[in-house]
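Colleague: Encoded as structure tokens, here's the structure I'll be asking about.
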Amino acid sequence: MLFQKEIRKPILALMLISLGGWMLHFRIHSITANPSNFLPFLIGLVNIVITPILFNQRKTVIVAYLINGIGVIIGSVAMAVLSLYNLPEPLTFTSLIFKTTLGDILILLSKLFIGQMILSHYYPTGLGRFFNPGWWVRHFCYLSIVFAIGHFLW
């Protein structure tokens, strides 16, 4: 098999979540309808094919982990912004839960935990202050601030 036996299942889980998200995104945002959807289409292919191969080796696992995490953060912020622009009417708790991209964001966030599980296979004691949950939360906040400033200035 292509992947190491100890981490085969987490890598396959990551591939399946990426494939499912890519197919869902392609169904909703076709590149034939809008050429600007080509970049998310391409990034989805990278997450399905290249990132799992990078996760399989110790010398490239950090690169794969960063690609995975950055994709999750950008995807989550972009979907949240899309939901904020298109809030459901009437705005109720139920409509916020079921008629926004919250479910998609939660599925996407699971990729962070799977990536962390694969990284901890290679680095069981961690990497110090880098690549822990607080590190990702900080970068999520930074990117959210950049999106907000961009929205208000442009």
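Colleague: Of all residues in region 85-118, which are among the aliphatic types (A, V, I, L, M), without any contact (Cβ under 8 Å) to a residue 12 or more places away in the chain and surrounded by 12 or more Cβ atoms within 10 Å (Cβ to Cβ)?
Modeller: Within region 85-118, L96 is the sole residue that qualifies.
Colleague: Limited to region 128-154, what total is found for residues that are in contact (Cβ under 8 Å) with a residue 60 or more places away in the chain and either among the hydrophobic types (A, V, I, L, M, F, W, C) or closer than 18 Å to S83 by Cβ (or both)?
Modeller: Of the residues in region 128-154, 7 are in contact (Cβ under 8 Å) with a residue 60 or more places away in the chain and either among the hydrophobic types (A, V, I, L, M, F, W, C) or closer than 18 Å to S83 by Cβ (or both).
Colleague: For region 53-76, enumerate the residues that are farther than 13 Å from W22 by Cβ and buried (at least 18 other Cβ atoms within 10 Å of the Cβ).
Modeller: Residues satisfying the conditions are L54, F55, V61, A64, Y65, I67, N68, G69, V72, I73, S76.
Colleague: Out of all the residues in region 29-36, is one or more part of a helix (DSSP H, G or I), in contact with a helix residue (DSSP H, G or I) (Cβ under 6 Å, 6 or more places away or on another chain) and of a type in the set (S, T, Y)?
Modeller: no
Colleague: Then there is this: Is there any pair with a first residue in region 18-37 that is within 16 Å of S76 (Cα to Cα) and a second that is of a type in the set (F, W, Y) and exposed (fewer than 13 other Cβ atoms within 10 Å of the Cβ) whose Cβ atoms are under 7 Å apart and which are 6 or more apart or on different chains, and what are they?
Modeller: none
Colleague: Considering region 23-48 alone, what residues qualify as being surrounded by 13 or more Cβ atoms within 10 Å (Cβ to Cβ) and polar (S, T, N, Q)?
Modeller: N37, N47
Colleague: Report yes if K59 is out of contact with any Lys or Arg (no Cβ under 8 Å at 6 or more places or on another chain), of a type in the set (D, E, K, R) and closer than 24 Å to F130 by Cβ, otherwise no.
Modeller: Answer is yes for this residue.
Colleague: Tell me, please, whether a residue that is modelled with pLDDT under 85 and over 18 Å from S110 (Cα atoms) can be found in region 6-19.
Modeller: yes
The values are calculated or read from the model by the stated rules, or taken from the named source; none is laboratory data. As the structure is a prediction and not an experimental result, all values here were calculated from the model. Don't worry about glycine lacking a Cβ; one is built from the backbone with ideal geometry, like all the others, and counts go over all protein chains shown.
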